[in-house]
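The block underneath contains the structure these notes are about, expressed in structure tokens.
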């Protein structure tokens, strides 16, 4: 059974819950109502055979509402079929139900999304930070989080002052130029390596 056929079966089972269906490069994506997430996921696992949650991630559409999106990458080991589910999450209510009891691998994925994006997963068995330290008040993958970080009142735990942007692989200058021009060392002519040097024979 193909991913399109799996998508069609989900649409038949939950006609009111499927908001949109798209296909790109042989991959099917269903955008569903957040309120129907658990029902759709249980049906996908128990009836359609999607017994593996490959990944669970989030997207910040800063400036738009709903601001956030949670993405579920499902896979059927039996049929070798991949299916993507997406739900939208409002900035006013950043809470979605957990699927960690449906696919145990969601446990740490949901913790990471909570830690980095601030989206809560109701009924998660152990929803706590997984990368940042306990008590850290911000969510670093939100698009309004500055690259240099923010000051936090946790002396003796971790850095409490924003980090100076003195250079490095993530500090670039807005420009229409190529990557070589945007890279920080491009601001120092003496640090640049002429492109022809990479092409020269040893």
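State all residues of the stretch 46-55 that are under 18 Å from residue 2 (Cβ atoms) and surrounded by fewer than 20 Cβ atoms within 10 Å (Cβ to Cβ); if no residue qualifies, say none. Walk me through it before giving the result.
In the first step, residues of the stretch 46-55 are kept if they are under 18 Å from residue 2 (Cβ atoms); the result is 47-52, 54.
Those that are under 18 Å from residue 2 (Cβ atoms) and surrounded by fewer than 20 Cβ atoms within 10 Å (Cβ to Cβ): 47, 49, 51, 52, 54.
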Q: Name the residue, out of 14, 24, that is touching a helix residue (DSSP H, G or I) at 6+ places or on another chain (Cβ under 7 Å) and either more than 23 Å from residue 96 (Cβ to Cβ) or in the same structural domain as residue 85 (by TED's automatic domain parsing) (or both).
A: 14
Q: Give just the number: which of (1) farther than 19 Å from residue 143 by Cα; (2) surrounded by fewer than 16 Cβ atoms within 10 Å (Cβ to Cβ); (3) free of Cβ contacts under 8 Å to residues at least 24 places away in the same chain does residue 73 not satisfy?
A: (2)
Q. Just to be sure, is residue 55 over 20 Å from the mean Cα position of the chain (by Cα) and assigned by TED's automatic domain parsing to the domain that holds residue 121?
A. no
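Could you tell me which residue of the stretch 11-29 is surrounded by the most Cβ atoms within 10 Å (Cβ to Cβ), considering only residues that are in contact (Cβ under 8 Å) with a residue 24 or more places away in the chain and over 21 Å from residue 89 (Cα atoms)? Outline the logic, then answer.
Taking the stretch 11-29 first, the residues in contact (Cβ under 8 Å) with a residue 24 or more places away in the chain are 13-14, 27-29.
Okay, now just the ones that are also over 21 Å from residue 89 (Cα atoms), so 13, 27.
Working: 13: 15, 27: 13.
Applying the filter and picking the extreme gives 13.
Is there a residue being crowded, with 20+ Cβ neighbours inside 10 Å and out of contact with any helix residue (DSSP H, G or I) (no Cβ under 7 Å at 6 or more places or on another chain) anywhere in the stretch 30-38? Give the steps one after another, and end with the answer.
At the first step, the residues of the stretch 30-38 found to be crowded, with 20+ Cβ neighbours inside 10 Å are 30, 32, 37.
Filter once more, keeping what is out of contact with any helix residue (DSSP H, G or I) (no Cβ under 7 Å at 6 or more places or on another chain): 37.
Yes - at least one qualifying residue is present in the stretch 30-38.
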**Q.** Some residue of the stretch 121-134 being outside any loop (DSSP other than H, G, I, E, B) and at pLDDT 90 or above
**A.** yes
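The values are calculated or read from the model by the stated rules, or taken from the named source; none is laboratory data. For clarity, every value in this text was computed on a predicted model and none was experimentally measured. FYI the Cβ positions are ideal-geometry reconstructions off the backbone, even for glycines, and counts take in every protein chain you see.
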